[in-house]
Amino acid sequence: MPSTCTRLDRFLIEKVRLKNKDVRLLLAQKRILLDGRHANGMNQTINKFTKIQIDENIIQNNKPCYIKLHKPKGVVSATKDANHKTVVDLLAPNEPTDLHIAGRLDFNSTGLILLTNDGQWSRKLSAPESNIEKRYSVTIDKPITQDVIDAFSRGIYFAFENTTTLPATLTMHDEYTAEVILKEGKYHQIKRMFGHFQIEVLTLHRFAIGSIVLDSHLAEGESRHLNPEEVSRAFS
Ligand code: URA
């Protein structure tokens, strides 16, 4: 899954500070290699994960990285925080430094967090148009009525953003536990949707994003790399 594309000449001029005429000369001399093959034109497209060499010199060699992590309560979904442990602090020290989070969870929420350095993949995963289902288990402080279930499926108006949530599925397991399926991720969305009915969310746990599921053997705080099949099937 490639990241955002850019033109080879633009990359070499802007990032490597070569002059346009130097790029032309290097191309004519067949000295630029893209993923091991001779580059064939100024406007050839590359992305963040294209290996770029000029002669023996490696100019860019980023490896895509996709990680699933079981977020515990009391950890911030951020890459840096002055006061609290972040999800990135839970990763092994040798992971890439350019990771970002694909879909945050609140401080007290638990469950599946995805981290990647592939911006195109994470944007697609989070975009409402992709229709990717995010599945949550919640416990709440009051039993709910059918009206609440119906309101979730119609959408609930959020005055602050002046927008109505996309249809969401609320399935009760018993009086105080439910599963919620969202296709978007607004700030504190589930808490605010229940809050609309003066219902408090006591615990909130995300167990799936699309086809990527939190493994039962991944303990809180643990993480692992997604396998290539999980990465490519994320949208199916
Ligand atoms: N909705 C919330 O309110 N909190 C989360 O962490 C995720 C969804």
Completion exercise
Taking Cα atoms only, Rg over Rh for the chain with Rh from the Kirkwood formula is 1.10
Fill in the blank from the handout: Heavy-atom accessible area of residue 216, protein chains in place, probe 1.4 angstrom, given in Å² to nearest 10, is 120 Å²
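From the helices alone, meaning DSSP H stretches of at least four residues, give me the mean residue ellipticity at 222 nm for the chain, per-run term -39500 (n - 2.57), in deg cm²/dmol to the nearest 500.
Values: 6 runs with 45 residues, N = 236.
Mean residue ellipticity, 222 nm, calculated: -5000 deg cm²/dmol.
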Handout entry: Computed accessible area, residue 104, all protein chains, 1.4 angstrom probe, square angstrom
Key = 150 Å²
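Arrange the residues 236, 223 by how much accessible surface each exposes, largest first, with a 1.4 angstrom probe.
Listed by decreasing accessible area, they come as 236, 223.
So if R0 is 25 Å, what FRET efficiency would residue 55 and residue 227 give, r being the distance between their Cβ atoms, rounded to the nearest 0.05?
Values: r = 35 Å, r/R0 = 1.40.
For R0 = 25 Å, the calculated efficiency reads 0.10.
Which of rounded, prolate, oblate describes the range 183-236, given a ≥ b ≥ c as roots of the alpha-carbon gyration tensor eigenvalues and a/c under 1.5 marking rounded, otherwise prolate only if a/b is larger than b/c?
Oblate, since a/c reaches 1.5 and b/c is not below a/b.
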Fill in the blank from the handout: In debye to the nearest 20, the charge dipole size for the chain, taken about the Cα centre with +1 at each Lys and Arg Cβ and -1 at each Asp and Glu Cβ, equals 1260 debye
Practice task
Give me the distance in nm between label points sitting 7 Å out from Cα along the Cα-to-Cβ direction at residue 213 and residue 24, one decimal.
Solution key: 5.8 nm
Handout entry: Kirkwood Rh and Cα Rg combined as Rg/Rh, the range 1-89
Key = 1.20
Completion exercise
GNM of the chain, Cα pairs under 10 angstrom: of 25, 170, 112, the biggest fluctuation goes to 25
Exercise for the section: Using the structure shown, select from 85/134; 15/134; 48/80 the pairs with a Cα to Cα distance greater than 29 angstrom. Expected result: 15/134
Problem - Inter-label distance for residue 202 and residue 35, nm, one decimal - labels placed 7 Å from Cα along Cα-to-Cβ - result: 5.2 nm
Fill in the blank from the handout: Expected unfolding gain across residue 95-residue 174 under the 0.36 nm per residue rule, minus the alpha-carbon gap, is 24.4 nm
Handout entry: Residue among 80, 19, 183 with the largest mean-square fluctuation in a Gaussian network model of the chain, springs linking Cα atoms under 10 Å
Key = 19
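Say R0 is 35 Å: what FRET efficiency, to the nearest 0.05, do residue 45 and residue 108 get from their beta-carbon distance?
On the way: r = 43 Å, r/R0 = 1.23.
The formula returns an efficiency of 0.20 here.
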Problem - Solvent-accessible surface (1.4 angstrom probe) belonging to residue 23, in square angstrom, nearest 10 - result: 0 Å²
Handout entry: HN-Hα J in Hz across the range 4-18 - Karplus 6.51, -1.76, 1.60, θ = phi - 60°, x for Gly and Pro
Key = 4, 8, 9, 7, 4, 5, 4, 4, 5, 6, 7, 8, 9, 6, 7
Completion exercise
Mean-square fluctuation maximum in Gaussian network of the chain, Cα pairs under 10 Å, restricted to 129, 200, 179, hits 129
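Across all directions of projection, what mean area in square nanometres is found for the Cα convex hull of the range 71-189?
On the way: hull surface 35.2 nm².
Orientation-averaged projected area of the Cα hull: 8.8 nm².
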Completion exercise
The answer for residue 203, listing residues at least 5 apart or on another chain whose modeled amide H is closer than 5 Å to its amide H, is 139
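The values are calculated or read from the model by the stated rules, or taken from the named source; none is laboratory data. What you see is a predicted model; the values in this text were computed from it and never measured. We place every Cβ from the backbone using ideal geometry, glycine too, and count neighbours over all the protein chains shown. These area figures cover heavy atoms from the full protein model, side chains too; ligands, DNA and RNA do not enter into them. Shrake-Rupley method; radii C 1.70, N 1.55, O 1.52, S 1.80 Å.
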